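**Student:** So that we are looking at the same thing, I have put the structure below in structure tokens.
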Amino acid sequence: MNERLQKVVARSGLCSRRAAEELIRAGRITVDGSIAHLGQKIDPSVEKVEVDRIPLPVAPGLVYYLLNKPTDVVSTADDTHGRRTVVDLVPSEPRVFPVGRLDQDSQGLMVLTNDGDLAQHLTHPSHGVTKTYMVLVKGRMQPREVGLLKQGVELEDGLARAKSARVVDTTNDTTLLELIMTEGRKREIRRMCEAVGAQVVTLFRSAIGPLKDGSLREGEWRPLSIEEVRSLFGESGE
């Protein structure tokens with residue numbers, strides 16, 4: 001069903017209809033790559049709308065959740081072993097799927113959505129969207145070991161490196177690291193730390209690109225705003 005573009009943009013929550021008209025007049029909105037014009041009608045279920053070259057989700061029925069995944073919850077939509085999944089923690093309708101993964105024994109922020117475009121943007125290596133982790137390891141890590149995490153360590157499935165690695169805090173028995181990654185291989189951070197002689201105690205994902213929320217308690221979720229969704233679409237690790 002075709003609708004006026006300014007109405008579609010306003011319904012997304014980005015701005016008012018009048019402000020949408022101003023964006024169209026200014027040439028800041030495109031539809032399927034072409035500059036939009038005032039009064040244009042589109043089918044939001046199939047046509048791609050961008051504002052300032054950043055996608056604006058307008059298809060009906062799209063939802064976006066931010067979840068603080070607890071430990072002992074698996075980051076899949078279904079589990080053949082009957083374990084609790086991240087999908088069990090958010091509304092059942094409309095059906096969503098987790099974007100990327102966190103190990104069962106790890107905690108932290110995850111996006112769940114039914115928007116395949118956003119999922120592809122956040123997970124495809126070509127986009128290099130960063131994920132930030134707070135990692136507690138046993139023992140006092142030396143600068144050389146932290147440097148190796150940035151330089152890269154050889155794992156059985158290839159070289160793995162952190163975009164950034166720094167020590168946040170140390171005690172006599174532990175080191176708290178902040179690692180920023182652009183990949184998401186299975187148990188990658190744990191394997192990287194093991195490769196430099198450090199054993200992970202806890203692992204918490206604290207940010208996905210620009211998206212953070214220190215107020216979400218373990219197991220809690222909330223919907224993302226349209227501004228947050230667009231910030232994720234606009235994020236690149238380059």
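**Student:** Name the residues in the stretch 163-206 that are touching a residue at least 60 places away in the same chain (Cβ under 8 Å) and either assigned by TED's automatic domain parsing to the domain that holds Gln107 or touching a strand residue (DSSP E or B) at 6+ places or on another chain (Cβ under 8 Å) (or both), would you?
**Tutor:** Result: Lys163, Gly184, Arg190, Ala198, Gln199, Val200, Val201, Thr202, Leu203, Phe204, Arg205, Ser206.
**Student:** Please go through (1) farther than 27 Å from Gly61 by Cβ; (2) at pLDDT below 95; (3) touching an Asp or Glu at 6+ places or on another chain (Cβ under 8 Å) for Lys138 and return the number of the only condition it doesn't satisfy.
**Tutor:** (2)
**Student:** Here's another thing I want to ask about it. Is there a residue being at pLDDT 95 or above, in contact with a Gly (Cβ under 9 Å, 6 or more places away or on another chain) and on the phi > 0 side of the Ramachandran plot anywhere in the stretch 30-52?
**Tutor:** yes
**Student:** In the list Met141, Met110, which residue meets the criterion of being in contact (Cβ under 8 Å) with a residue 12 or more places away in the chain, not in a helix (DSSP H, G or I) and not assigned by TED's automatic domain parsing to the domain that holds Leu224?
**Tutor:** Met141
**Student:** Just give me the residues in the stretch 1-38 being of a type in the set (D, E, K, R), within 27 Å of the chain's Cα centre (by Cα), under 15 Å from Asp52 (Cα atoms) and assigned to a helix (DSSP H, G or I), in sequence order. Please lay out each step first, then the result.
**Tutor:** Kept after step one, since they are of a type in the set (D, E, K, R), are these residues of the stretch 1-38: 3-4, 7, 11, 17-18, 21-22, 25, 28, 32.
Next, from what is left, pick out any that are within 27 Å of the chain's Cα centre (by Cα): 11, 28, 32.
Remaining after also requiring under 15 Å from Asp52 (Cα atoms): 28, 32.
Those that are of a type in the set (D, E, K, R), within 27 Å of the chain's Cα centre (by Cα), under 15 Å from Asp52 (Cα atoms) and assigned to a helix (DSSP H, G or I): none in the stretch 1-38.
**Student:** Among (1) surrounded by 14 or more Cβ atoms within 10 Å (Cβ to Cβ); (2) farther than 23 Å from Asp79 by Cβ; (3) not acidic (Asp, Glu), which single condition is Gln151 missing?
**Tutor:** Every condition holds for Gln151 apart from (1).
The values are calculated or read from the model by the stated rules, or taken from the named source; none is laboratory data. Keep in mind it's a predicted model, so treat the numbers as computed, not measured. Glycine also receives a Cβ, built like all others from the backbone with ideal geometry; neighbour counts cover every protein chain displayed.
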